[in-house]
Amino acid sequence: MTAGDAENIRSQYLWVDAHVTGTAVPEVRVVEHKIASPWSANHRVDAHVVPSESVPGRWDATIRSTIDATRENLVGLDGLQAAESIYRTVHRDVMTAARIDQWTRLHAALVDCGGVRVAIAGHSGAGKTTLSLALALRGAQLHADEGVFIRGEEAVGLPRRVHVKAGTFDVLPEISSRELLHLPYEPPVWALDPTSLPTPPDVVARLRGIDVLLILEGWSDTTRVEPMPTAVALKSLAEQSALWSDNHRLTLRNIAALLSNTACFSLTRQHLDSGIAAVEELVASCVTRSI
């Protein structure tokens, strides 16, 4: 895209409708995705990007939010800064809307594997994205790679492009053949539209409970899946969710409700093993036992 191209991006992020207009900036495409929301959006973020009048080769952006009636006028941004500013506003509003409606965010990926819904939790860098992508390349539906909202026993993935880091290419070299949007972070990140994967997410099936919770526990000499006591899983999820929640009572209530009907496991992996074989074996056993 050149600076003269017109931009018109419309994407729905759960409760928030994002609309970007103005001059096309390649990095801002990260805001665009094609996963539909199960709800009509009650809030909206409008962003307009134009060449900067004061800083040659940069961008000025006006960002308006309906959820708190704010307006930002940003001057002299590079492409990545423009994308981050819009993206940050959208996700801030999603989190605000979630709190209003009593949802709790988990730091987890969400995939549907042969009728079994699996949430993959773990700290940043644990391999959630790599494992969820590996499953998606084998036919699973990838609903989210790092954010899941829960309320009672219901769960829905946070829609966004999948953020692929350099280490993922070592484990899943076939990802490099996909259409990727390069984001010039340090280290760099590539954004992948999940609807381009073999089995695009099913909009109708997006909102339902989680059957299996898998917590990534790090690396070892062998890859193994082990049952995890519910109390241990609750503690792990609560500690991670506290980063995004100021209502710890609601967080604990939603996690406890979720885990009341969810089988919990830990996964430890060998180096450069995505863990897909272990997860597929676990899913097959859950189907055999009807979860």
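The values are calculated or read from the model by the stated rules, or taken from the named source; none is laboratory data. These numbers were taken from a predicted model, which means no experiment stands behind them. Heads up, the Cβs are rebuilt from the backbone with ideal geometry, glycines too, and the neighbour counts pull from every protein chain shown. What goes into the accessible areas is simple: the full protein's heavy atoms, side chains included, and nothing from ligands, DNA or RNA. Shrake-Rupley method; radii C 1.70, N 1.55, O 1.52, S 1.80 Å.
Numbers at a glance
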quantity: Residue among 173, 188, 200 that alone is at pLDDT below 90 and on the phi < 0 side of the Ramachandran plot; calculated: 200
quantity: Strands (runs of 3 or more DSSP E) lying entirely in the range 39-145 (those with 1 or more residues that are free of Cβ contacts under 8 Å to residues at least 12 places away in the same chain); calculated: 70-77
quantity: The range 227-241 - residue that is touching a Ser or Thr at 6+ places or on another chain (Cβ under 7 Å) and modelled with pLDDT under 90 and, of those, surrounded by the fewest Cβ atoms within 10 Å (Cβ to Cβ); calculated: 238
quantity: Selection count, the range 223-247, where residues are of a type in the set (S, T, N, Q) and touching an Asp or Glu at 6+ places or on another chain (Cβ under 9 Å); calculated: 1
quantity: Subset tally (residues that are open to solvent by 30 Å² or more (accessible area, probe 1.4 Å) and not aliphatic (A, V, I, L, M)) for the range 246-290; calculated: 16
quantity: Positions within the range 226-262 being closer than 28 Å to residue 280 by Cβ and either of a type in the set (Lys, Arg) or in contact with a helix residue (DSSP H, G or I) (Cβ under 7 Å, 6 or more places away or on another chain) (or both), in sequence order; calculated: 230, 233, 234, 235, 237, 241, 255, 259
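Yes or no, residue by residue, for (1) touching a strand residue (DSSP E or B) at 6+ places or on another chain (Cβ under 7 Å); (2) open to solvent by 10 Å² or more (accessible area, probe 1.4 Å):
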residue	(1), (2)
97	yes, no
119	yes, no
135	yes, no
139	no, yes
188	yes, yes
